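All remarks here apply to the structure that follows.
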Amino acid sequence: MKTFYVKDLMQWMLFMGLCFFLYPSIGTAQKYEGYASLGMGLPAGNMGDYERIENNVSSSGTQSTYTQKNISFASGFHAQVGTAYWFRPNLAFDIAATYTAGRKQLLTEEKSSQTQTGDVRFQSEAYQLNMLRLSPSLKIKLPLNKVHLSMQTGFLLSAIAWGDQYLVDESKTSGFQQNMNLRANLRARMSLGYTAGLAVNYPIGNGLDAFVSCQLQLQNFTLKSKAVELYTENGANVIGLLSTYQRETIYVRKSFVQPSAVNANEPQKLLEKSMPFSSIVFQLGIKYHFGT
């Protein structure tokens, strides 16, 4: 699953050319601005379709109910700081740093029960992902009456991306109860994405503006490695019983596996896996203009 295509680059270059065409004269004023904002992201763009088993209940066997759940792990808290250089009156180069803390989301869940024997089982898998990224973009300003509108488009480059995976497996069979809990730390590769946004700025005096913005952010969280940090069985921490192969995973673009050649003292190698990390972000912030 990819979020960045050649056509995105072509559209961005076309936008830049259009801006230079609309504002061909070089202005004498060279102003800067710095800004900070907080906001909330909603799932959008490249959402993954994951099959989910909601419930299994039967007196003589098990019957499953399956549903599709659309997920983007960028849904959650967003914070952004940035600066812009207005090299023409209505045209600026903008660079921002964005921190996204996705909320913990349940990816799969299965509940089953057997009324004749009393056997029950619960299994779930959840993820919480974070990303710190840089966003160089081009911004164009359209002055209106008391406010002005700004539009921007650019790239997203992940600087650091990390997260956690949570697995739960609880069962009760013939009166015997078992439970397993696992938490693994995730690391991601650098990835390239695309963003476009719209903001409304309202001057409040002394070089300050208040603004609200809406940004579309398209990007993936591409796994690089996974390391088990917590592994318990029936409440006891037994992570020390796991081999290196069971505790650590490296994600690669090509994998050649021979089961007979598995080395318990080396990390497991799996094919690279991408998880959706796109969202529509609504932000409220403040901006300060300086420099001439």
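The values are calculated or read from the model by the stated rules, or taken from the named source; none is laboratory data. Predicted model, so just to flag it, every value in this text is computed and none were measured. Cβ: placed from backbone, ideal geometry, glycine included. Neighbour counts: every protein chain shown. Surface areas here come from the heavy atoms of the whole protein model, side chains and all, with no ligands, DNA or RNA. Shrake-Rupley method; radii C 1.70, N 1.55, O 1.52, S 1.80 Å.
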Sort out which residues of region 77-93 are open to solvent by less than 70 Å² (accessible area, probe 1.4 Å) and out of contact with any Asp or Glu (no Cβ under 9 Å at 6 or more places or on another chain), and write them in order of number.
HIS78, ALA79, GLN80, PHE87, ARG88, ASN90, LEU91
Counted residues, region 217-254 - those being open to solvent by less than 50 Å² (accessible area, probe 1.4 Å) and under 30 Å from GLN177 (Cα atoms)
12
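One line per residue, one yes/no per condition, for (1) in contact with a His (Cβ under 7 Å, 6 or more places away or on another chain); (2) modelled with pLDDT under 95; (3) farther than 30 Å from HIS289 by Cβ:
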position: GLN123; (1), (2), (3): no, yes, yes
position: LEU138; (1), (2), (3): no, yes, no
position: ASN145; (1), (2), (3): no, yes, no
position: GLN152; (1), (2), (3): no, yes, no
position: ASP164; (1), (2), (3): no, no, yes
position: SER174; (1), (2), (3): no, yes, yes
position: LEU192; (1), (2), (3): no, yes, yes
Scan region 107-120 for residues that are open to solvent by less than 50 Å² (accessible area, probe 1.4 Å) and part of a strand (DSSP E or B) and jot them down.
LEU107, THR108, GLU109, SER112, SER113, GLN114
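Does region 207-216 contain at least one residue that is part of a strand (DSSP E or B), buried (at least 17 other Cβ atoms within 10 Å of the Cβ) and small (Gly, Ala, Ser)? Please lay out each step first, then the result.
To start, the set of residues in region 207-216 that are part of a strand (DSSP E or B) comprises 208-216.
Cutting the leftovers down to buried (at least 17 other Cβ atoms within 10 Å of the Cβ) gives us 209, 211, 213, 215.
Those left that are additionally small (Gly, Ala, Ser): 213.
The answer is yes; a qualifying residue exists.
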Identify, from the list THR195, THR173, THR100, THR83, the residue that is among the β-branched types (Val, Ile, Thr), in contact (Cβ under 8 Å) with a residue 60 or more places away in the chain and over 30 Å from ALA227 (Cα atoms).
THR195
Where a residue in region 262-280 is closer than 17 Å to LEU192 by Cβ and its partner, wherever it lies, is loosely packed, with under 15 Cβ neighbours inside 10 Å and modelled with pLDDT of 90 or more, with Cβ under 7 Å and at least six apart:
GLU272/VAL252; SER279/LEU42
Selection from region 272-292 of residues that are surrounded by fewer than 17 Cβ atoms within 10 Å (Cβ to Cβ) and at pLDDT 90 or above:
PHE282, LEU284, ILE286, TYR288
GLY163 meets each of (1) more than 22 Å from THR232 (Cα to Cα); (2) part of a strand (DSSP E or B) with one exception, condition (1)
Filtered residues of region 194-244 (kept if closer than 24 Å to TYR35 by Cβ and modelled with pLDDT under 90):
GLY205, ASN206, GLY207
